[in-house]
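The values are calculated or read from the model by the stated rules, or taken from the named source; none is laboratory data. Model, not experiment: these values are computed from the prediction. Cβ placement follows ideal geometry from the backbone for every residue including glycine, while neighbour counts extend to all protein chains displayed. Keep in mind that these areas ignore ligands, DNA and RNA; they rest on the heavy atoms of the full protein, side chains included. Shrake-Rupley method; radii C 1.70, N 1.55, O 1.52, S 1.80 Å.
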Amino acid sequence: MDKQKVAAILDEIGTLLELQGESSFRCNAYHNGAQAIEQLEEDLATVVREGRLADVPRIGDTLREKITVLVTTGHLPYYEELRKKTPPGLLDMLRIQGMGPKRVKLLHDKLGIDSLDKLERACLDGEVAKIKGLGEKTQQKIVEGIHFLRQMGSRVRVDLALALADRLREGLAQAPGIHRMELCGSLRRRRETIKDIDILIASDDPAPIMDRFVALPGVVQVIGHGDTKSSIVVEGEGRTLMNADLRIVNDAQFPFALNYFTGSKEHNIAMRVRAQEYGLKLNEYELSGPHRHIAARDEADIYKALDLAYIPPELREDTGEMEAAASGRLPHLLEIGDIKGVFHCHTTYSDGANSAEEMALAAKALGLKYLGLADHSQSLTVANGLSPQRVRQQQAEIDRVNATLKGFTIFKGIECDILPDGQLDYPDDVLATFDYLVASVHSHFNQSREEMTARIVRAIRNPHVTMLGHATGRLLLKRDAYPVDLEAVLQAAAETGTMVEINAHPARLDLDWVHCKRAKALGVKLVVNPDAHAADDIALYRYGVDVARRGWLERGDVFNTKTLAETTQALAARRSASRS
Ligand code: DGT
Ligand code: CA
Ligand code: ZN
């Protein structure tokens with residue numbers, strides 16, 4: 001068992017004893033001992049084996065005995081007993097800001113409260129305020145604290161987390177003595193949801209940077225404030241609360257720390273195993289052998305030392321990237337600049353906020369060469385879906401706007417509902433008027449998996465359909481995907497040459513990266529669509545590019561990397577095939 005785990009257990013014993021009402025002398029012996037073990041420079045197992053624990057300051061006889069049992073057997077009956085005696089909810093209550101063990105014990109003794117839910121109810125009933133020494137104000141604070149904890153427990157959308165992280169980085173950049181700074185963790189790997197923000201800095205003088213970090217605007221709580229690591233809770237847009245950790249190392253350690261804290265944990269383990277095969281040890285500070293230290297200026301040097309090509313952070317999930325990097329078969333990943341235009345964008349004709357012209361100008365300003373509009377079809381009355389007559393009106397409007405645009409084209413499309421039986425939402429003569437068609441499921445989410453799969457596959461087989469829109473209907477952190485056999489869907493798309501959308505909206509992000517990888521293996525062409533409902537949302541396609549990269553996609557796998565001329569031609573070819 002490693003040092004950190006042993007220290008954490010000792011610390012928890014101290015807390016459990018406090019909850020039992022033990023003397024502060026006894027409790028503190030455990031808290032202090034935990035700190036002593038954490039700060040131990042030597043390997044703990046070695047110290048125990050050689051019987052030198054007694055030499056470690058702040059470790060008395062009782063602790064020495066407990067640590068020895070813990071390190072040699074991997075568990076400690078005394079600790080397990082203590083845990084069994086303590087309702088687990090009491091430990092949850094301790095996580096509320098301002099709640100110490102004494103207060104938790106008081107609430108438990110007086111009101112029998114042993115969970116966050118019971119505590120919240122007691123506060124709302126005004127019971128807590130009646131206890132001597134607590135009062136209205138404390139009761140209110142506790143309610144707020146519980147709300148805060150519930151928020152903290154959940155993951156955050158990547159776009160919100162990234163905005164918050166960028167703000168922290170900007171604030172930190174003004175601190176003195178920063179050699180390098182990078183985001184690490186799931187944020188650097190661009191997962192679709194993020195638990196916490198990890199920032200890494202190289203500096204020889206951490207103190208002033210740490211001081212600045214814990215005092216940044218938006219910080220609502222300081223969890224830890226040290227020289228190598230500090231942790232805060234910050235508030236972002238829409239009352240998003242997130243934990244953020246800052247670690248500071250020296251410049252020589254930076255590449256190793258960056259690699260370690262970027263993860264994923266699984267990738268780190270694969271890297272460590274690879275290092276071991278070379279007789280080397282890899283950790284967050286160094287890559288070294290018995291007689292040598294391998295220096296690295298950047299992460300690429302670490303990979304090089306292990307005969308690996310540089311692995312982009314998005315691929316570091318231990319899903320084959322090690323083997324590919326060893327044999328020179330890593331993909332040349334899609335880049336944001338490869339995207340030449342986007343499809344699946346809405347206007348004021350259905351539920352969008354901007355006109356066709358405003359959308360086109362916004363896309364053009366982003367450097368794009370084409371924009372595929374796709375308002376909702378007639379069945380989706382809640383989103384002001386277009387009747388055939390309004391389809392004709394919109395197409396005339398697009399013709400007018402296109403005549404004014406140079407080197408840029410708006411494609412006439414529709415986001416056509418897939419009806420419950422898999423039919424499309426217009427008769428063939430209307431369908432034939434579009435340049436392209438996104439087909440999406442927007443209703444009857446409660447169909448069985450078989451019905452839903454058959455419904456989507458039928459739409460995919462319809463020659464009018466250019467691409468399948470949001471393939472699973474999920475809303476990240478809000479609504480699960482509808483039941484569907486994605487494998488069957490992807491196989492049908494591969495057979496018919498129907499494209500599948502990577503919905504880039506950060507509230508959705510379906511297809512997920514795992515299925516992107518599968519789609520590629522089956523030969524399905526993907527298309528990165530922002531599903532923009534306003535001009536400002538067109539730029540959201542960047543999050544779809546991140547998903548594509550995590551899915552190992554290259555430029556050739558993604559349809560909207562084609563030039564305007566190629567795209568015009570490819571869409572026209574599909575249309576004439578579907579009409580014949
Ligand atoms: P999340 O859950 O969105 O915060 O995801 P991550 O990947 O940012 O996870 P986090 O913040 O817990 O840790 C950051 C990185 O630190 C993680 O990606 C890999 C590294 N790491 C953390 N714990 C371990 C561990 O026990 N073993 C190894 N090998 N690496 C770890
Ligand atoms: Ca993290
Ligand atoms: Zn849409």
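Miscellaneous remarks
- Normalised alpha carbon radius of gyration of the stretch 177-310 [divisor 2.2 N^0.38 Å]: 1.14
- Counting Lys and Arg as +1 and Asp and Glu as -1 over every other residue whose Cβ lies under 10 Å from the Cβ of residue 314, the net charge comes to +4.
- Loop-located GluC sites (Glu not before Pro) in the stretch 291-342 whose Cβ has at most 13 other Cβ within 10 Å (DSSP): 335
- Principal axis analysis of the Cα atoms in the stretch 91-180 yields extents of 54, 28, 22 Å, listed in decreasing size.
- Solvent-accessible area per residue for the stretch 3-152 (1.4 angstrom probe, square angstrom): 57 Å²
- Environment charge of residue 507, counting only residues whose C-beta is closer than 12 Å and scoring Lys/Arg +1, Asp/Glu -1: 0
- Using a cut-off of 20 Å between Cα atoms, the listed pairs 105/130; 369/520; 85/132; 5/141 include 369/520; 85/132; 5/141 as exceeding that distance.
- Stokes-Einstein diffusion coefficient of the stretch 336-579, Kirkwood radius over Cα pairs, 4 °C, 1.567 mPa s, in µm²/s: 74 µm²/s
- Sequence of 292, 169 from largest to smallest accessible area, 1.4 Å probe: 292, 169
- The share of Cα pairs per 10 Å bin across the stretch 14-57, counted from zero up to the longest distance, runs 26, 42, 26, 6 percent.
- Building the convex hull from the alpha-carbon atoms of the stretch 313-374 and averaging its projection over directions returns 6.1 nm².
- What the phi angles of the stretch 159-169 give under the Karplus curve with 6.51, -1.76 and 1.60, with θ = phi - 60°, is a coupling list of 5, 5, 5, 5, 4, 5, 5, 5, 4, 4, 4 Hz, glycine and proline written as x.
- Across the protein chains, with a 1.4 Å probe defining accessible surface, the residues 406, 340, 5, 369 rank 406, 5, 369, 340 from largest area downward.
- The chain - percent of accessible surface contributed by carbon and sulfur, probe 1.4 Å: 49 percent
- Convex hull projection area averaged over all views, the chain, Cα basis, nm²: 32.1 nm²
- Calculated P(r) tail over 29 Å for the stretch 3-152, as whole % of Cα pairs: 30 percent
- For a straight C-alpha distance cut-off of 24 angstrom, the lysines reachable from residue 304 (same-chain residues fewer than eight places away being disregarded) are 265, 281.
- Based on C-alpha pairs under 8 angstrom that are at least 6 apart in sequence, the chain has a relative contact order of 9 percent.
- Dividing the helix sum by the residues of the chain, where each DSSP H run of 4 or more adds -39500 (n - 2.57), gives a mean residue ellipticity at 222 nm of -13500 deg cm²/dmol.
- Overall form of the stretch 413-549 per C-alpha gyration tensor (a/c, 1.5; a/b vs b/c): rounded
- Per residue solvent-accessible surface (Å²) - the stretch 336-579, probe of 1.4 Å: 38 Å²
- Fraction of beta bridges assigned by DSSP in the chain that are antiparallel (%, nearest 5): 45 percent
- Rg/Rh ratio calculated on Cα atoms of the stretch 94-134 (Kirkwood radius): 0.91
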